[in-house]
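Each remark here refers to the structure printed beneath this line.
The values are calculated or read from the model by the stated rules, or taken from the named source; none is laboratory data. Please read all numbers here as calculations on a predicted model, not as lab measurements. Note that each Cβ is placed from the backbone with ideal geometry, even for glycine, and that neighbours are counted across all protein chains shown. Note: areas computed on protein heavy atoms with side chains; ligands, DNA, RNA excluded. Shrake-Rupley method; radii C 1.70, N 1.55, O 1.52, S 1.80 Å.
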Amino acid sequence: MKKRLGFFKFSCCTGCQFHFFYEQRYLLETLLNFDVVFSKILSSSGTPDGPFDVALIEGTVTEVWQVDELKRIREQSTLLFAIGSCAVSGGIPAIKATDPEIEIEKRVYKKLSSIHSIKPYAIDAYVKVDGYIRGCPPGERDLYEALTSVLTDKKPDFLHYSVCVECKLKGNTCVLVSYNVPCMGPVTNAGCGALCPSMNRACYSCFGPVKQANGSALAKKFKLMGLSKDDIIRKFTEFGAVTGEFRKAVEMMYED
Amino acid sequence: MKINMDYIARVEGESAVKIEIEDGKLKDLKLNIWEPPRFFEGFLVGRRFDEVPDIVARICGICPVSHMTTAIRAIENAIGFEPTPRIKKIRDIMALSQIMASHLAHLYVLALPDYFKLNSVVEMLPKFKELESVKKDAFETLKMIRELDYPDFKNDTEYVAVTNKKDYAINEGVITSSHGIKADANDYPLIFEESEISYSNAKRTVIKGRGSLMTGAIARLNLSFDLLHSDAKSVVKEIGFEPLEKNPFFNIIAQGAEIVHGIRKIIEHLEGFSEEESFVGIKVKEGFGSAVTEAPRGMLYHQYEMNKRGIIEKANIVTPTAHNFLSLEEGLKKLVNENIDKPKEEIILLCEMLVRAYDPCFSCSVH
């Protein structure tokens, strides 16, 4: 029997879901081994009711109904994976958490009575997550790993090292050391194949923090390079401002 | 009778259509865009100008390049920088490939299954050899699309697109409409008006004093038909598509034509294209700038105000779907009125097909 897959969207650009179905190069045969029970973007005949062998969640949680829905999906799913930076680490929508929220909301809407936004968080703030498919958009390797692990009933083996390792594997010249540009690679999870540094551009952490990253040490390095306090804070709040790893670096800058 | 379509599948983002029919007449219809807001315009304030393109690229998963390019153009305008012809060409190539990718995804994954009475592209895969055509050529796709059976329907609205005299406009040009608007991006606030709607998280944009507008592939074809690549033009002309085409379902044909146009145009651009350094340094200064470009779904407007350190103080983004909001709602009303005697399921399908024909991006529209 085919494994039942549900794909759910919260606050995001739907890019992960699109990317997921775009990835036909490797995924089409893999995908055909799943029964995609629910994906709004893919089919008009889907049903959001479980049970699911695997639920994929994209998007940040920014409204109360999403918390209830997320818990419902969790209860009905054997495995639940976060896909993309928004669901994994709060992603871009988490920038909203860096300022008083009402101020940010007032800049967009004059009438706030119909807006019911809560502080943005990654989905593991509310439910247990069985795996993280990182990236914005998600990296192919981890996406493939997630799906094949479900099909073969094994524990997924995701990449757990920083972008620096990918640069070394590719033989890149280090942009941080050699060109003195503020690269977020040392604290950012791998999976992109060091896309930006390979083009001599600083990593801006779109894959979010690697677990237990030492953000404070990199922030100190940026300071020595002459970056202003505000510039350093912005580096650590673009993707995943609500994560412990990046908050530590930001708090250090404020204490400084 | 009440028809509540709680969500529309196979469109980008979240929306509902609520229809009320009383005594065989349409009493009320609302397009409720319930996509949750992410407040881009709110949190862009305080960010540095060079972060903006990376951030706004995340507004949309289907048209990130359009948001990126429009933001870059607006910021360049704010500091008074004019990119070199080479840079413009690279951006055109990126924009054209973005439009083609978006159109192909929309056509095959979102819009076309309806015309084969199927629920998804997955169901199309084993059953339809027509899909083989996508492997061969965009040309075959366009020929297949133009033969489909489209609902006979006309929508009264004003067509708006960016145009210029030389080219089928994408990134450069003036705001033009079927009812005589010709204006620069800086004049955008004088012509268009954005307002908040109680039943929608997306704001709605109209032409001041006139009303609804439609932008997108059909508007571009309507306003720049002569500049469309001859290969695409001849195929659509054969089925009688000529400006001013008013059937919004034909937006699908217009997208097919643009895919053919895009491929031909990119080949032209790449001929005689040499590898050379494109990087140009800039000097940051205080300023206010805006830009309009053509995203896959239509006219996209970005506007930024920044201080002398390059920090954003104000941001305003109006997307194609916000521009199309009222026209789509009006279209739905007219469509329901014209088909009011039909069974409920048929009305629902027709409404869904019209929403999909507009190719809305609700994530963009709320952002």
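Using a 1.4 Å probe, what is the accessible area per residue for the range B:53-113, in Å²?
26 Å²
In Å², and per residue, what accessible area does the range A:163-255 have when probed at 1.4 Å with the other protein chains present?
Roughly 47 Å² per residue, with all protein chains present.
Select from A:162, A:203, A:56 the residue farthest towards the positive end of the dipole of chain A; place +1 on Cβ of Lys and Arg, -1 on Cβ of Asp and Glu, and compute about the Cα centre.
Positive-end residue among those listed: A:203.
Between the range B:229-248 and the range A:191-218, what is the C-alpha centre distance in whole Å?
48 Å
With a 1.4 Å probe and all protein chains kept in place, how much accessible area does residue A:148 have, in Å² rounded to the nearest 10?
40 Å²
Please label the shape of chain B as rounded, prolate or oblate, based on the square roots a ≥ b ≥ c of the eigenvalues of the alpha-carbon gyration tensor (a/c under 1.5 means rounded; beyond that, a/b larger than b/c means prolate, else oblate).
Here chain B falls in the oblate category.
Only helical DSSP H runs with n ≥ 4 go in: add -39500 (n - 2.57) per run for chain A, normalise by residue count and round the 222 nm mean residue ellipticity to 500 deg cm²/dmol.
-10500 deg cm²/dmol
Taking Cα pairs under 8 Å and at least six residues apart, what relative contact order does chain B come out at, in percent?
27 percent
I need the Debye-formula profile for the range A:3-151: one equal scatterer per C-alpha, no solvent, reported as log10 I(q)/I(0) at q = 0.12, 0.22 1/Å, two decimals.
Treating every Cα as an identical point scatterer, log10 I(q)/I(0) equals -0.49, -1.43.
Could you identify which residue out of B:97, B:230, B:15 has the top mean-square fluctuation in a GNM of chain B using Cα springs shorter than 10 Å?
It is B:230.
Please give the average number of partner chain Cβ atoms lying within 10 Å of the Cβ of each residue in A:42-50, rounded to a whole number.
Partner-chain Cβ atoms within 10 Å, mean over residues of A:42-50: 5.
Taking only Cα atoms, what is the 0 to 90° angle, nearest 10, from helix A:244-255's long axis to the longest principal axis of chain A?
Between helix and principal axis, roughly 30 degrees.
Rounding to the nearest 20 debye, state how big the charge dipole of the protein assembly as shown is about its Cα centre with +1 on each Lys and Arg Cβ and -1 on each Asp and Glu Cβ.
With only Lys, Arg, Asp and Glu charged at Cβ, the dipole is about 1120 debye.
In square angstrom and rounded to 100, what buried accessible area do you get between chains A and B, total over both, with the probe at 1.4 Å?
Summed over both sides, the interface buries about 4000 Å².
How do the peptides A:99-107, A:58-66, B:54-62, A:138-146 rank, highest first, by the average count of neighbouring beta carbon atoms within 10 Å per residue?
For the peptides A:99-107, A:58-66, B:54-62, A:138-146, the packing ranking is B:54-62, A:58-66, A:138-146, A:99-107.
How would chain A be classified by its alpha-carbon gyration tensor: rounded, prolate or oblate, with rounded meaning a/c under 1.5 and the a/b versus b/c comparison settling the rest?
In terms of gyration-tensor shape, oblate.
Return the percentage of antiparallel bridges among DSSP beta bridges fully within the protein assembly as shown, rounded to the nearest 5 %.
70 percent
Using Cα-Cα distances under 8 Å and only pairs 6 or more residues apart, what relative contact order does chain A have, in percent?
Taking the mean separation of contacting Cα pairs over the length of chain A, I get 18 percent.
Could you tally the net charge around residue A:212, taking each other residue with its Cβ under 14 Å from the Cβ of residue A:212, Lys/Arg +1 and Asp/Glu -1?
In short, +2.
If one takes the longest principal axis of the Cα atoms in chain A, at what angle in degrees, from 0 to 90 and to the nearest 10, does the Cα axis of helix A:64-75 lie?
Approximately 60 degrees, to the nearest 10.
Given axes a ≥ b ≥ c from the Cα gyration tensor, I'd like to know whether the range A:163-255 is rounded (a/c under 1.5), prolate (a/b larger than b/c) or oblate.
Judged from the Cα gyration tensor, the range A:163-255 comes out oblate (a/c at least 1.5, b/c at or above a/b).
Using a 1.4 Å probe over the heavy atoms of the protein chains, calculate the carbon and sulfur portion of the accessible area of the protein assembly as shown as a whole percent.
52 percent
Can you give the average number of partner chain beta-carbon atoms within 10 Å of each beta-carbon in peptide B:9-16, as a whole number?
Across the residues of B:9-16, the mean count of other-chain Cβ atoms within 10 Å is 5.
Given only helices, namely DSSP H runs of n ≥ 4 each adding -39500 (n - 2.57), what is the per-residue ellipticity at 222 nm of chain B, to the nearest 500 deg cm²/dmol?
One gets -11500 deg cm²/dmol as the mean residue ellipticity at 222 nm.
In whole percent, what relative contact order does the range A:39-177 give with Cα contacts below 8 Å and a gap of six or more residues?
Relative contact order, the range A:39-177: 24 percent.
Quantify how strongly other chains surround peptide A:159-166 by giving the mean number of their Cβ atoms within 10 Å of each of its Cβ atoms.
Per residue, the number of nearby Cβ atoms from other chains is 0 on average.
With the cut-off at 18 Å, tell me which of the pairs B:2/B:342; A:111/B:334; B:208/B:333; B:154/B:208 have Cα atoms farther apart than that.
Those over the limit are A:111/B:334; B:208/B:333; B:154/B:208.
Over the Cα atoms of the protein assembly as shown, what radius of gyration and what Dmax do you get, in Å?
23.8, 76
Where the centre of each part is set by its Cα atoms, how far does the range B:21-90 sit from the range B:308-364, in angstrom?
The range B:21-90 and the range B:308-364 have Cα centres spaced 16 Å from each other.
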